[in-house]
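The values are calculated or read from the model by the stated rules, or taken from the named source; none is laboratory data. This is a predicted model, so every value here is computed, not measured. A quick note on method: Cβ atoms are made from the backbone with ideal geometry, for glycine too, and the neighbour counts reach across all protein chains shown. Side chains are part of the model used for accessible areas, which takes the heavy atoms of the whole protein and leaves out ligands, DNA and RNA. Shrake-Rupley method; radii C 1.70, N 1.55, O 1.52, S 1.80 Å.
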Amino acid sequence: MDMSEEKKIVLCGANAYEMKYYFNEQFDGIPESVKNELHILCVLFTEEVGGVFTIAFEEDGSVVLETNADDDDIYYDEVSSGLMVAEVRRRRQELFESLQLYYRVFVLKEDIGEALQEG
């Protein structure tokens, strides 16, 4: 692993191959309505595009959306999945900003006033 590569903590994800959804219990304090929204978002993404879709936090609290597929998956379209990620990010921008604030305040223990001013 490259030392400049940041460590990410997966919040949630869905896997089209195993037909499974994962939510990291470390973030159990997130409101139930947001957890449900994330669940639906991840599952619908993999239903549409296939492969594996994850939502993770970078070390600074930034939210990152990632998608990938098995090498032998002939149905997975990398271009379409990239476009879908951009669309999800655009449509759910407020959700991802809220998740970033949650991470910065509850995980990184930043002052909420400072976090709100920067965000």
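Toward the positive end of the charge dipole of the chain, with +1 on the Cβ of Lys and Arg and -1 on the Cβ of Asp and Glu, the farthest Cα among 45, 106, 83 is that of 106.
Partner lysines whose Cα lies under 30 Å from the Cα of residue 109, excluding those fewer than 8 positions away in the same chain, are identified as 7, 8, 35. Considering only alpha-carbon pairs that sit under 8 angstrom and 6 or more positions apart, the relative contact order computed for the chain is 22 percent. Looking at the stretch 13-119, the trypsin sites (Lys or Arg not before Pro) that sit in a DSSP loop and have at most 14 other Cβ atoms within 10 Å of their own Cβ are 109. For the stretch 36-106, the alpha-carbon coordinates run over 42, 22, 19 Å along the three principal axes, in decreasing order. Here the simple spin-label model places points 7 Å from the Cα toward Cβ, and for residue 73 and residue 9 these points are separated by 2.6 nm. Accessible area per residue for the chain is 67 Å², calculated with a 1.4 Å probe on protein heavy atoms, without ligands, DNA or RNA.
Computed over the chain, the convex hull of the alpha-carbon atoms projects to a mean area of 8.4 nm². For the stretch 11-46, applying the loop criterion from DSSP together with a ceiling of 13 other beta carbons within 10 Å to the GluC sites (Glu not before Pro) yields 18. Here's the picture: charge each Lys and Arg Cβ at +1 and each Asp and Glu Cβ at -1 in the chain, and of 61, 17, 116 the one pushed furthest to the positive end of that dipole is 116.
When the chymotrypsin sites (Phe, Trp or Tyr not before Pro) in the stretch 45-93 are filtered for DSSP coil states and for at most 12 other beta-carbon atoms within 10 Å of their beta-carbon, the remaining sites are 75. Our summary gives the stretch 32-93 a relative contact order of 25 percent, counting only alpha carbon pairs under 8 angstrom and 6 or more residues apart.
When a 1.4 Å probe is rolled over the protein heavy atoms, the share of accessible surface on the chain that falls to carbon and sulfur comes to 49 percent.
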